[in-house]
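Below is one structure, written out as structure tokens; comments come after it.
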Amino acid sequence: MVKLLLILNFIAMPIYELPKLPYELDALEPQISKETMEYHYLKHHQAYVTNLNNLIEGTKYEKMPLEEIIKNSDGPLFNNAAQTWNHTNFFLALSANPKARPDGELAKAIERDFGSFDKCKEEMTKAAQGLFGSGWAWLAADSEGKLSVMPMSNGQNPMIKNLTPLLCIDVWEHAYYIDYRNRRPDYITALWDKIDWAVIEKRYSDR
Amino acid sequence: MTYTLPELPYAYDALEPYIDKETMTIHHTKHHQTYINNLNAALENYPELQGESVDELISNMNLIPEPIRTAVRNNGGGHSNHSFFWKILSPNGGGQPSDKLATAINDSFGSFENFQAEFNKAATTRFGSGWAWLVNENGKLTVYSTANQDSPLMEGKTPLLGLDVWEHAYYLHYQNRRPDYINAFWNIVNWNEVEKRFQ
């Protein structure tokens, strides 16, 4: 019996898995190196997923959608759930051949709420550079579709303010230290070249 | 008076293999220097605050004018913490404390090993950027951690030992393996300096 349980336990699938990326780990070079991706995605992101699975096992959170866990938890569970979600949102918005500017509904909203696309990028850049310590810069939409930019510490995510996250810039040092050392501004400038606005457009229309 | 970067009491490569030369160089000449530059800039229009030592400055955060309080907390904390950190490290460090500090650690934690385990836990579980500390709080020794560059001095505690767990402190050498960096740290703790702070 014990043996059977052990086997069942062994073959049980983890609830959350590292998402597949639509590009190779070296696809974002030279802006983001393969080595950074190997640590950031295969180690850091994986660790958040593994910790999340361990924390929810056998609890009421096991059957909750990830977004609900994020909105209804704190401490290590919140940290690992939010960081699992944040990194998926981050990596899936990057591309080797990104669409450089948004069109359509999102482009109009950006113009309306920031004045221009360049102003929007400027605000995001400022939020990302100014965040002290570890965290993220976010572009988010409210229920009316109005856009705003905010820096948030550690694992924090606009969802906790009832906003829909659209785009994020990871400014934990692990996101850029191998490639850029202390030069966070250089990393942010480079990252813009890899952000795929086609993905952000879709997130905005799907919200 | 403006704040200036204190010299390291050893060479940049002196703490190898536990902390590598490149990490020490960037940590000291870039990160620490940036905190000092930002602190000086914040205090530029407040000459009355410029004569104090950085430790005095951050020990009374309620006296810092509101417009520059966050800048002083982050950058004054960063300057104080790093100045402290360089001094409690040594290429001839490691081992265990002696005399009064050894007794106090035994009294507070049961044993040196228990203390180390508690300190390691504080350093490992600090989420994001921050520091793990051994502090003296009215004669009682405790271990805890602070976020970002918050210093125990800001809450009336005297730091005795501190470990920087910002990723910039270990990423070039240890990458995501923070526990390996924490274990290595014990080989370079300058217990003489820690004991001095306990007098």
Which residue, of A:Ile69, A:Ile32, A:Ile110, A:Ile15, is buried (at least 20 other Cβ atoms within 10 Å of the Cβ) and not in a helix (DSSP H, G or I)? A:Ile32
Failed item in (1) in a helix (DSSP H, G or I); (2) more than 17 Å from the chain's Cα centre (by Cα); (3) not assigned by TED's automatic domain parsing to the domain that holds B:Gly162, with B:Arg73 passing the rest: (2)
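Output the residue which, of all residues in the range B:149-161 that are surrounded by fewer than 23 Cβ atoms within 10 Å (Cβ to Cβ) and on the phi < 0 side of the Ramachandran plot, is farthest from the other protein chains (Cβ to nearest Cβ).
Among those that are surrounded by fewer than 23 Cβ atoms within 10 Å (Cβ to Cβ) and on the phi < 0 side of the Ramachandran plot, it is B:Thr158.
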Which count do you get for residues in the range B:86-101 that are surrounded by 15 or more Cβ atoms within 10 Å (Cβ to Cβ) and either among the small types (Gly, Ala, Ser) or within 14 Å of another protein chain (Cβ to nearest Cβ) (or both)? 2
Complete set of residues in the range B:1-25 that are surrounded by fewer than 20 Cβ atoms within 10 Å (Cβ to Cβ) and outside any loop (DSSP other than H, G, I, E, B): B:Lys21, B:Glu22, B:Thr25
Hey, any hits in the range A:182-189 for a residue that's within 14 Å of chain B (Cβ to nearest Cβ), touching a residue at least 40 places away in the same chain (Cβ under 8 Å) and surrounded by fewer than 20 Cβ atoms within 10 Å (Cβ to Cβ)? yes
Taking B:Thr146, is it part of a strand (DSSP E or B) and within 13 Å of chain A (Cβ to nearest Cβ)? yes
Taking helices (runs of 4 or more DSSP H) that fall entirely within the range A:136-207, which contain at least 1 residues that are more than 16 Å from A:Leu106 (Cβ to Cβ)? A:177-180, A:184-192
Members of the range A:113-134 that are part of a helix (DSSP H, G or I), buried (at least 17 other Cβ atoms within 10 Å of the Cβ) and of a type in the set (S, T, N, Q): A:Thr125
Out of the range A:145-181, which residues are surrounded by fewer than 19 Cβ atoms within 10 Å (Cβ to Cβ) and free of Cβ contacts under 8 Å to residues at least 40 places away in the same chain? A:Lys146, A:Ser148, A:Met150, A:Ser153, A:Lys161, A:Asn162
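Within the bounds of the range B:32-45, is there any residue that is acidic (Asp, Glu), over 17 Å from B:Gln149 (Cβ atoms) and touching a residue at least 12 places away in the same chain (Cβ under 8 Å)?
For the range B:32-45, residues acidic (Asp, Glu), over 17 Å from B:Gln149 (Cβ atoms) and touching a residue at least 12 places away in the same chain (Cβ under 8 Å): absent.
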For the subset of the range B:26-60 comprising residues that are more than 14 Å from chain A (Cβ to nearest Cβ) and either in a loop (DSSP other than H, G, I, E, B) or among the aromatic types (Phe, Trp, Tyr) (or both), which member is nearest to the chain's Cα centre (by Cα)? B:Ser53
Examine the range B:70-79 for a residue that is free of Cβ contacts under 8 Å to residues at least 24 places away in the same chain and either closer than 21 Å to A:Arg184 by Cα or out of contact with any strand residue (DSSP E or B) (no Cβ under 6 Å at 6 or more places or on another chain) (or both), and state whether such a residue exists. yes
Does the range B:74-85 contain any residue that is within 14 Å of chain A (Cβ to nearest Cβ), among the small types (Gly, Ala, Ser) and in contact with a Gly (Cβ under 7 Å, 6 or more places away or on another chain)? no
State whether one or more residues within the range B:129-140 are within 14 Å of another protein chain (Cβ to nearest Cβ), touching a Ser or Thr at 6+ places or on another chain (Cβ under 7 Å) and under 16 Å from B:Trp86 (Cβ atoms). yes
Residue by residue through the range B:166-199, note down the ones that are surrounded by 19 or more Cβ atoms within 10 Å (Cβ to Cβ) and not in a helix (DSSP H, G or I). B:Trp166, B:Tyr170, B:Gln175, B:Val189, B:Asn190
With criteria (1) within 14 Å of chain A (Cβ to nearest Cβ); (2) touching a strand residue (DSSP E or B) at 6+ places or on another chain (Cβ under 7 Å), B:His168 comes up short on (2)
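With the structure loaded, tell me whether B:Gln175 is over 11 Å from the mean Cα position of the chain (by Cα), modelled with pLDDT under 95 and not small (Gly, Ala, Ser) or whether it fails that test.
Criteria not met by B:Gln175.
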Listed residues B:Phe198, B:Phe109; which is more than 18 Å from B:Phe85 (Cβ to Cβ) and more than 12 Å from every other protein chain (Cβ to nearest Cβ)? B:Phe109
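The values are calculated or read from the model by the stated rules, or taken from the named source; none is laboratory data. For clarity, every value in this text was computed on a predicted model and none was experimentally measured. In this analysis, Cβ positions are derived from the backbone assuming ideal geometry, glycine residues included, and neighbour counts consider all displayed protein chains.
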